[in-house]
Number of protein chains: 2
Amino acid sequence: MKKKRVSIKDIASDLNISVTTVSFVLNDKAEEKHISKELTQKVLDYVKKVNYKPNQIAQSLRTGESKILVFMVEDISNLFFAKLARLIEDLAYKKGYKVLFCSNDNEDKKTIELINLFKVRQVDGFILVSSPGIQTTINQLIEENIPLVLLDRYFPTLDTNYVITDNSDATFMAIMHFIENGFKNIAYITIDATQSQMDDRLSGYKNAVNKYSLPNYTLEIPFNEAIRDNSEVYIEEFLKKHPDIDAILFATNYLTQAGLKVIKEQYTDLIDRIGIITFDDNELFKTYSPSITAVAQPTTEMAEKSMELILQLIKNKEKALPNKHIVLKSSLVIRESSKKRSQS
Amino acid sequence: MKKKRVSIKDIASDLNISVTTVSFVLNDKAEEKHISKELTQKVLDYVKKVNYKPNQIAQSLRTGESKILVFMVEDISNLFFAKLARLIEDLAYKKGYKVLFCSNDNEDKKTIELINLFKVRQVDGFILVSSPGIQTTINQLIEENIPLVLLDRYFPTLDTNYVITDNSDATFMAIMHFIENGFKNIAYITIDATQSQMDDRLSGYKNAVNKYSLPNYTLEIPFNEAIRDNSEVYIEEFLKKHPDIDAILFATNYLTQAGLKVIKEQYTDLIDRIGIITFDDNELFKTYSPSITAVAQPTTEMAEKSMELILQLIKNKEKALPNKHIVLKSSLVIRESSKKRSQS
């Protein structure tokens, strides 16, 4: 069954010439090496005839270019990352690059393991949604001059290239919208994780409620409980403890899903009274009853900017370009769930 | 800034011995090649001291194993594939494999291009959600003895390893559930694509309505219109043309989303009267109003079986194992949207 791949050796032996000659012809060095036009043509014809395909691993060893990028996310099954992955893949495809996706589960150990694996495989660059404690690994990548763009999260203490959104501004805007529509007891439900984007979202909420002297109702669900789908228990208890709450901003899409489930199952009448805004939009939120107001991060722009940046870094690998910090704005997609309610 | 990677050459030169000697030691051939224990230890100590890391590309050239699998789907941003991708990634990680994801958009050209790229990069195996016209390419992979498992879709005319679900049985079961709950004018909204899983789903619908002499209301939206988010126009027209329809089975998740949007925006009163079942479950369907009944494919089992199969193929590459055809059952998750309605 197994067909043997034709090698340069086979070609050299079949044509009764040296491997070096074949190699020169295949690497466009025939003229430089004074190989006759006749012999060059003979090799090229034969290569075509036997359908020889150069071994790309060997080739990437030589050129140092693999045309492969790594896009590491927290969880590829999270719709926000799946969308970004698809956008980045399409942009890369147009530029002749393939993208390796992987999930690090926000774990440093896994992140470092994956980075080291890809590093020795000589990928051309990394677009990284980082776990919280890998500053040393990132510094190593930078020292080794490996093209790297952080996406979604960054390290305030590290000077790196990154593309993020203004998370603090986004939650501030969402809370302001609640306030304008008459909501007064606005809760913020988030996860307790050391992630820059989560810190920023929390501070945007705090700034807004402080500014208007409103009460602070924050629920921080432990990260490990949230990823084990245990958020519902926390949300139910939180709502029971604070019956005054008249609006909730959910810090991520999956917390919104958990919250909607709790409301639907435990507090059926609440859905028409409580204001709801979710972070990250989802097609189904449009047709939900009520349709759900969402903070929409500019995924297309995030993908475009990261790709632009990583390609610049790859192209100018030998130059020390100044790091770029790209901060994009999110938008508020206003739907039914945050509309002004009649006074009871 | 740039640190140079330590090479075998550097080590040999630093220790004033030959590259061959270093290579023998690093490849566990010191004893076989009669290299003294003292020298062996000296090399190993030095390698540790300078933190030498073998070049894995060169290593995979030698061993022929890259520990990388390719999982090709139609669209990684489709939640069904994103979920499968995550499950496969986790299973692979536990076995020491990394997974390369990519999307083929159901296009043969793109599929073939991607397969060829990964083939020359010598990945260890392919798990493939195939585009419809790549029988020749698949035959080539088989002839070249490259481990391959088709997932979700198969070719009735090709004897390959595959893991699919019984799609015909699944739609039959869904329509039977509608019939048992008193629905009589049951529509099936699908896409017009030459894909085995779609053919099978359609035939399950037809078998059920034929068996009970019910009218056949099938809408087949052209594939290219569906992926361009133009399904809504087709669904709206279809519902206008057939006011008798009292239930709809949607063949994919994204068609359900489009359908729900049309109903919400154009036929507001219909949502409480019409029966709805979707193919492929989604967390948000649980809390939708009404909650949506779903045909749930066994994604965990699909991922497990594909991984089991591909690892067997990799392990037994030199043996000609008989092809395995694994057909899994879907389940019907019954919720509010398909419940019996009171007679009007």
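Sort the protein assembly as shown into rounded, prolate or oblate with this rule: let a ≥ b ≥ c be the square roots of the eigenvalues of the Cα gyration tensor; rounded if a/c is under 1.5, and if a/c is not under 1.5, prolate when a/b is larger than b/c, oblate otherwise.
Verdict is oblate for the protein assembly as shown.
In straight Cα distance, which aspartates and glutamates are under 15 Å from B:K319, not counting same-chain residues fewer than 8 positions off?
Straight-line reach from B:K319, under 15 Å: B:E143, B:E144.
Calculate one ³J(HN,Hα) per residue across the stretch B:67-76 by plugging θ = phi - 60° into the Karplus curve 6.51 cos²θ - 1.76 cosθ + 1.60, and present them in order as whole Hz with x for glycine and proline.
6, 10, 10, 10, 10, 9, 10, 6, 7, 5
Can you give me the Cα centroid spacing of the stretch B:259-292 and the stretch A:99-113 in angstrom?
36
For A:D169 and B:L15, what is the calculated FRET efficiency with R₀ set at 41 Å and r taken between the beta-carbons, to the nearest 0.05?
0.10
Compute the Kirkwood hydrodynamic radius of chain A, taking the inverse of the mean of 1/r over all pairs of distinct Cα atoms, and give it in Å to one decimal.
Result for chain A, one decimal place: 23.3 Å.
Please give the per residue accessible area of the protein assembly as shown, computed with a probe of 1.4 Å over protein heavy atoms only, in Å².
Roughly 46 Å² per residue, with all protein chains present.
Run the accessible area of chain A with a 1.4 Å probe and give the carbon-and-sulfur part as a rounded percent.
49
Would the stretch A:83-239 count as rounded, prolate or oblate if I go by the C-alpha gyration tensor, calling it rounded below 1.5 in a/c and otherwise prolate when a/b exceeds b/c, oblate otherwise?
Judged from the Cα gyration tensor, the stretch A:83-239 comes out prolate (a/c at least 1.5, a/b above b/c).
What spacing in nm lies between the two simple spin-label points modelled at B:S203 and A:D45, each 7 Å away from Cα in the Cβ direction?
According to this spin-label approximation, the distance is 5.1 nm.
How high is the relative contact order of chain A, in percent, with contacts defined as C-alpha pairs under 8 Å that are six or more residues apart?
Relative CO of chain A lands at 16 percent.
So what are the three principal axis dimensions of the stretch A:8-54 from its Cα atoms, in whole Å, longest to shortest?
The Cα atoms of the stretch A:8-54 stretch 25, 18, 16 Å along the principal axes, largest first.
Within 10 Å of each Cβ in A:71-83, how many Cβ atoms from other chains are there, averaged over the peptide?
Neighbouring Cβ atoms belonging to other protein chains average 4 per residue here.
Counting only residues 5 or more places away or on other chains, whose amide H sits under 5 Å from the amide H of A:V149 once H atoms are built in the peptide plane?
Result for A:V149 returns A:F126, A:I127, A:L128.
Mind checking B:256-269 for the average number of partner chain beta-carbons within 10 Å of each residue's beta-carbon?
Mean number of neighbouring Cβ atoms from other chains: 2.
Using amide H atoms built in the peptide plane, which far-off residues or other-chain residues are under 5 Å from B:I248 H to H?
Counting only residues 5 or more places away or on other chains, the set is B:A187, B:G275, B:I276, B:I277.
Of all beta bridges DSSP finds with both residues in the protein assembly as shown, what is the antiparallel percent, to the nearest 5?
Among the beta bridges of the protein assembly as shown, antiparallel pairing accounts for roughly 10 percent.
How many Å² of accessible surface get buried when A and B come together, counting both sides, probe radius 1.4 Å, rounded to the nearest 100?
5800
For the stretch A:149-154, in order, what is each residue's ³J(HN,Hα) by Karplus, 6.51 cos²θ - 1.76 cosθ + 1.60 with θ = phi - 60°, in whole Hz (x at glycine and Pro)?
Once θ is set to phi - 60°, the couplings for the stretch A:149-154 become 10, 7, 10, 6, 10, 9 Hz.
Could you work out the relative contact order of the stretch A:67-141, using alpha carbon pairs under 8 angstrom and six or more residues apart, expressed as a whole percent?
Computed over the stretch A:67-141, the figure is 45 percent.
Let me check against my output: what whole-number percent is the relative contact order of the stretch A:8-54, with C-alpha pairs under 8 Å and at least 6 apart?
30
Using θ = phi - 60° and the Karplus curve 6.51 cos²θ - 1.76 cosθ + 1.60, what whole-Hz ³J(HN,Hα) does each residue of the stretch A:16-24 get, with Gly and Pro shown as x?
Running phi through 6.51 cos²θ - 1.76 cosθ + 1.60 with θ = phi - 60° gives 6, 10, 7, 4, 4, 4, 4, 4, 4 Hz.
Mind putting together the pair-distance distribution for the stretch A:120-182? All Cα pairs, 5 Å bins, whole percent per bin, short to long.
Taking every Cα pair in the stretch A:120-182, the percentages come to 4, 15, 22, 18, 11, 8, 7, 6, 4, 3, 1, 0.
If packing is taken as the average count of other Cβ atoms within 10 Å, what order do B:199-206, B:213-220 fall into, highest mean first?
Listed from highest to lowest mean packing, they are B:199-206, B:213-220.
What residues qualify as long-range amide H neighbours of B:I221, i.e. H under 5 Å apart, gap of 5 or more or another chain, H built at 1.01 Å from N?
Long-range HN contacts for B:I221: B:T190, B:I191, B:D192.
Could you work out the mean count of beta carbons from other protein chains within 10 Å of each residue's beta carbon in A:92-101?
Mean shielding by partner chains, rounded to a whole number: 4.
Can you list the copy-to-copy distances for A:N145, using a point 7 angstrom from Cα toward Cβ, in nanometres, shortest first?
Result, one decimal in nm: 4.2.
The values are calculated or read from the model by the stated rules, or taken from the named source; none is laboratory data. On a predicted model such as this, the values are computed, not experimentally measured, just so you know. All Cβ positions, glycine included, derive from the backbone under ideal geometry; neighbour counts span all protein chains shown. Areas reflect the complete protein model, heavy atoms only, side chains present, ligands, DNA and RNA absent. Shrake-Rupley method; radii C 1.70, N 1.55, O 1.52, S 1.80 Å.
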